[in-house]
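Enquirer: Here you go, one structure.
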Amino acid sequence: MAITAQEVNKLRQMTGAGMMDCKKALTESEGDFEKAVDILRKKGQKVSASRADRETKEGIAVTKVSENGAKGVLLTLTCETDFVAKNDGFVTFANELLDLAVEKGANSVEELYALPFENLTVAEKIVEMTGKIGEKIEVSHFETVEAEAVVSYIHSNGKLGVLVGLTNAGGNDVEEAGKDVAMQIAAMNPVALDKDGVDATTVEREIEVGKEQARAEGKPEEMLEKIALGKLNKFYKENTLLSQTFVKDNSKTIGQYLDGVSKGMTVSAFKRVSIG
């Protein structure tokens, strides 16, 4: 049967698939729109399966904080090429997933994928989108922070996102202070909140590196442990958030800066996610 341009356009509006794919699906289904939609979905599954081993090194990071300011969500929707990452439809889809995650209180990729989305689940919708776009796409990171006050930040390239949770967050400057700290995290990439948050493997590695450096400098063997511990303390100051020098005022640490904004204010948790 002859398929009209109006019918092809109608299916395209319904599904977002390409014109030729819509025409082929309508031809195969003999003009039955429901069957044509199923055909397009199956095509998406085939494309998704064929690209399952592809790497998704491009994409977009998006963040949102709940209305009460106490929970933030950060996710990255990734794809294969920068061309797709900059596509308006891809960016819109990322923000729709983010809105859904915040609205439904999802706390993991698995919970997000199970949520309903346009008569499908999110997981099924991603397969469908893969078929439309022709590239593998996935939610590669999903992070949440809950605190007295949560502030979010997206770096200008759209590929790096940060969530900061604050406690004792009094005063009118909380949002600005949170943004300052989030930008610090984006730039300096701390490994933990403070020295107590640094994992044991990292501590052991830094001590061993410190010993080897001291040994290479010809220091006495009995002094190596003490020297290494001194280097470890330097590592803490440079790589844990509250001890880092504040990039906007190097006379203060981040901990001192926050306490100066509001007495007792500090960071309770943070997340930093980068694409690529």
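Enquirer: For residue 115, indicate whether it is closer than 16 Å to residue 66 by Cα and at pLDDT 95 or above. Can you show your working first?
Expert: Values: closer than 16 Å to residue 66 by Cα: no; at pLDDT 95 or above: yes.
Answer is no for this residue.
Enquirer: Starting from residues that are farther than 19 Å from residue 124 by Cβ and surrounded by fewer than 16 Cβ atoms within 10 Å (Cβ to Cβ), keep the ones in the stretch 28-51 and report whichever is modelled with the lowest pLDDT. Step through it out loud before you land on a result.
Expert: Pass one, the stretch 28-51, residues farther than 19 Å from residue 124 by Cβ: 28-32.
Then drop every residue that is not surrounded by fewer than 16 Cβ atoms within 10 Å (Cβ to Cβ), which leaves 28, 30-32.
Details: 28: 79, 30: 74, 31: 79, 32: 80.
If we take residues in the stretch 28-51 being farther than 19 Å from residue 124 by Cβ and surrounded by fewer than 16 Cβ atoms within 10 Å (Cβ to Cβ), then 30 is modelled with the lowest pLDDT.
Enquirer: Residues in the stretch 182-193: is at least one within 19 Å of residue 68 (Cβ to Cβ), in contact (Cβ under 8 Å) with a residue 24 or more places away in the chain, of a type in the set (S, T, N, Q) and crowded, with 16+ Cβ neighbours inside 10 Å?
Expert: no
Enquirer: Could you tell me which residue of the stretch 166-179 is surrounded by the most Cβ atoms within 10 Å (Cβ to Cβ), considering only residues that are touching a strand residue (DSSP E or B) at 6+ places or on another chain (Cβ under 8 Å) and not aliphatic (A, V, I, L, M)?
Expert: Once the filter is applied, the top-ranked residue is 178.
Conditions tested, residue by residue: (1) at pLDDT 90 or above; (2) touching a Gly at 6+ places or on another chain (Cβ under 9 Å); (3) closer than 30 Å to residue 166 by Cα; (4) outside any helix (DSSP H, G or I).
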{"site": "208", "(1), (2), (3), (4)": "yes, no, no, no"}
{"site": "211", "(1), (2), (3), (4)": "yes, no, no, no"}
{"site": "222", "(1), (2), (3), (4)": "no, no, no, no"}
{"site": "228", "(1), (2), (3), (4)": "yes, yes, no, no"}
{"site": "233", "(1), (2), (3), (4)": "yes, no, yes, no"}
{"site": "238", "(1), (2), (3), (4)": "yes, no, yes, no"}
{"site": "242", "(1), (2), (3), (4)": "yes, yes, yes, no"}
{"site": "250", "(1), (2), (3), (4)": "yes, no, yes, yes"}
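Enquirer: Could you please let me know if residue 54 is within 21 Å of residue 122 (Cβ to Cβ) and modelled with pLDDT of 75 or more? Can you show your working first?
Expert: Working: within 21 Å of residue 122 (Cβ to Cβ): yes; modelled with pLDDT of 75 or more: yes.
Against the criterion (within 21 Å of residue 122 (Cβ to Cβ) and modelled with pLDDT of 75 or more), residue 54 qualifies.
Enquirer: Check off (1) surrounded by 15 or more Cβ atoms within 10 Å (Cβ to Cβ); (2) without any contact (Cβ under 8 Å) to a residue 60 or more places away in the chain; (3) under 17 Å from the mean Cα position of the chain (by Cα) for residue 99 and give me the number that stays unchecked.
Expert: (1)
Matching residues to (1) of a type in the set (Gly, Ala, Ser); (2) crowded, with 16+ Cβ neighbours inside 10 Å; (3) under 28 Å from residue 154 (Cβ atoms); (4) over 25 Å from the mean Cα position of the chain (by Cα):
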{"position": "197", "(1), (2), (3), (4)": "yes, no, yes, no"}
{"position": "209", "(1), (2), (3), (4)": "no, no, no, yes"}
{"position": "223", "(1), (2), (3), (4)": "no, no, no, yes"}
{"position": "227", "(1), (2), (3), (4)": "no, yes, no, yes"}
{"position": "244", "(1), (2), (3), (4)": "no, yes, yes, no"}
{"position": "256", "(1), (2), (3), (4)": "no, no, yes, yes"}
{"position": "276", "(1), (2), (3), (4)": "yes, no, yes, no"}
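Enquirer: Just to be sure before I move on: is residue 184 within 15 Å of residue 267 (Cα to Cα), in a helix (DSSP H, G or I) and polar (S, T, N, Q) in the structure I sent?
Expert: Numbers: within 15 Å of residue 267 (Cα to Cα): yes; in a helix (DSSP H, G or I): yes; polar (S, T, N, Q): yes.
So residue 184 fits the description; yes.
The values are calculated or read from the model by the stated rules, or taken from the named source; none is laboratory data. No experiment lies behind these values; they were computed from the predicted model shown. Cβ coordinates were reconstructed from backbone atoms using ideal geometry, including for glycine residues, and neighbour counts include every protein chain displayed.
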